[in-house]
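Here's the structure, in structure tokens; my notes come after.
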Amino acid sequence: MPNNDETTLVVIYTDSYRIEGRIALMPDARLTDFIRTVKDFIPVTEAVVYDKADRRLFAASFLDVGREYVELIVPTALIKK
């Protein structure tokens, strides 16, 4: 598994869930290029899954997110609150 220097914290939105975790993307690499290279699933480490009401459902050290279900993915470093 990549270490934290080789990953990027992201938030992934699907129709039903918000997933926070890390993907194997170097911090300065392009997210668009990463998404184009993954096949059917996006591997996410240190994942926390929330429902639409923002209730935490579970956490997992690893999970695969079906690429076809991803509606939005954004590095947390780019999120402005």
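Would you mind getting the Kirkwood hydrodynamic radius of the stretch 4-78 from its Cα pairs, rounded to one decimal in Å?
Values: mean 1/r = 0.0809 Å⁻¹.
When all Cα pairs of the stretch 4-78 are included, the Kirkwood radius is 12.4 Å.
For the pair residue 31 and residue 53, what calculated FRET efficiency results from E = 1/(1 + (r/R0)^6), where r is the Cβ-Cβ distance and R0 = 25 Å, to the nearest 0.05? Intermediate values should be presented prior to the final figure.
Working: r = 27 Å, r/R0 = 1.09.
Efficiency, rounded to the nearest 0.05: 0.40.
Only helical DSSP H runs with n ≥ 4 go in: add -39500 (n - 2.57) per run for the chain, normalise by residue count and round the 222 nm mean residue ellipticity to 500 deg cm²/dmol. Spell out each step's value before the answer.
Details: 1 runs with 7 residues, N = 81.
The helix contribution divided over the chain gives -2000 deg cm²/dmol.
Have a look at 46, 71, 20 and tell me which one the Gaussian network model of the chain (Cα, springs below 10 Å) gives the largest fluctuation.
Comparing 46, 71, 20 in a Gaussian network model of the chain, the most mobile one is 71.
Apply 1/(1 + (r/R0)^6) to the Cβ-Cβ distance of residue 16 and residue 76, taking R0 = 25 Å, and write down the FRET efficiency to the nearest 0.05.
Working: r = 20 Å, r/R0 = 0.81.
The calculated FRET efficiency here is 0.75.
Under 21 Å Cα to Cα from residue 52, which lysines show up? Leave out anything in the same chain fewer than 8 places away.
By straight Cα distance, residue 52 reaches 80, 81.
Computed from the coordinates by the stated procedures, all read-outs in this text should not be read as laboratory data. Note that the coordinates shown come from a computational prediction; the quantities given were computed from them, not determined experimentally. Cβ sites come from the backbone with ideal geometry, for glycine too, and all protein chains shown count toward neighbours.
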